[in-house]
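The values are calculated or read from the model by the stated rules, or taken from the named source; none is laboratory data. Predicted model, so just to flag it, every value in this text is computed and none were measured. Here the Cβ positions follow ideal geometry from the backbone for every residue, glycine too, while neighbour counts run over all protein chains shown.
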Amino acid sequence: LSASPPVVLLLLSLLGLAAAGKLLVVPVDGSHWLSMREVLDMLQQKGHEVVVVAPEVSLHIKPSKTLVMKMYPVPFTREEMDKVFKESVMDLFKGGPFLERVIRQYQQAKKTSALFLATCTHLIHNKELIRYLEESKFDAILTDPILPCGAILSEYLSLPSVYFLQQIPCGLEYQATQCPNPPSYVPRVFTELTDHMTFLQRVKNMLYDLPNFFLCDVVFQPYAELASEFLQREVTVPALLRQASIWLMKLDSVLHFPKPLMPNMVFVSGVNCAYKKLSQ
């Protein structure tokens, strides 16, 4: 109030920039949706219009009274989806030699990838839904890039994108953002190593990272082909993900080892945890 009249006038003129926006949301089912849903409820309470695009068959994504839900058909049943998810979860708790675990993970990745790819394919080939999205004039898109369907829509609709994630298979978030991810410092999955490694442990960490190159091809190459067909130009998944404006990382320094970040990667910590007062 003590500022000069020109400054006050400038501040008032900026109020229009804080007006509520229209957000398109392309979620990923399962626990990914549960944490994202909490964020969407807060955005809706602040006056933003939130439109969620989701398949008719899902584990947790259900019609909501507070959010606008645009559902589309998919070529599988709830029973078929449940079977794939249960097998995937049970496989995580099985032990065995490293090579055996990699083979099991590869086989399971093929099953889950086929299901999610069908979901994405039926979304972008739904002409009526795509027409609605084109006409709705959204301000931005919020998606979990563990599956790049939202990234494909973001590129097609020319929308700024916000990614909400914990991690992407194969460390693809580091490749897409050109963020350092050295195996001499960042421990890989299955190694049970810390961020303080001896030379031999660093060698082991690097060797454990090699299968990721094959797993990435299995999981993401079909999306690159789908995106190239839909966008009518040759694209790669890292190139699609590279267009993100902000990466909201569900990581913190308590449950995860320190690691390098790029300027547009932001730790949002325990938004996927219940609100509980922790003891000292």
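Structural remarks
- One residue stands out in the range 88-100 among those that are at pLDDT 75 or above and part of a helix (DSSP H, G or I): the one that is surrounded by the most Cβ atoms within 10 Å (Cβ to Cβ), namely 88.
- In the range 189-205, of all residues being free of Cβ contacts under 8 Å to residues at least 24 places away in the same chain and in a loop (DSSP other than H, G, I, E, B), the one that is farthest from residue 251 (Cα to Cα) corresponds to 198.
- Complete set of residues in the range 180-204 that are surrounded by fewer than 17 Cβ atoms within 10 Å (Cβ to Cβ) and among the aliphatic types (A, V, I, L, M): 189, 200, 203
- Among residues of the range 226-252 being part of a loop (DSSP other than H, G, I, E, B) and in contact with a strand residue (DSSP E or B) (Cβ under 8 Å, 6 or more places away or on another chain), the one that is surrounded by the most Cβ atoms within 10 Å (Cβ to Cβ) is 244.
- Screening residue 161 against (1) polar (S, T, N, Q); (2) surrounded by 18 or more Cβ atoms within 10 Å (Cβ to Cβ); (3) farther than 24 Å from residue 30 by Cα leaves a single unmet condition, (3).
- Restricting the first member to the range 64-86 and to residues that are exposed (fewer than 14 other Cβ atoms within 10 Å of the Cβ), and the second to residues that are not hydrophobic (A, V, I, L, M, F, W, C), the beta-carbon pairs closer than 6 Å and six or more apart or on different chains are 66/44; 73/56.
- Considering residues of the range 101-124 that are over 20 Å from residue 144 (Cβ atoms) and out of contact with any Leu (no Cβ under 9 Å at 6 or more places or on another chain) only, the residue surrounded by the most Cβ atoms within 10 Å (Cβ to Cβ): 101
- Residue within the range 56-63 that is assigned to a loop (DSSP other than H, G, I, E, B) and at pLDDT below 80 present: no
- Only one of 223, 208 that is assigned to a helix (DSSP H, G or I), in contact with a Pro (Cβ under 6 Å, 6 or more places away or on another chain) and among the aromatic types (Phe, Trp, Tyr): 223
- Some residue of the range 137-157 being over 21 Å from the mean Cα position of the chain (by Cα), surrounded by fewer than 18 Cβ atoms within 10 Å (Cβ to Cβ) and not acidic (Asp, Glu): yes
- Verdict on residue 202 being basic (Lys, Arg) and farther than 25 Å from residue 109 by Cβ: yes
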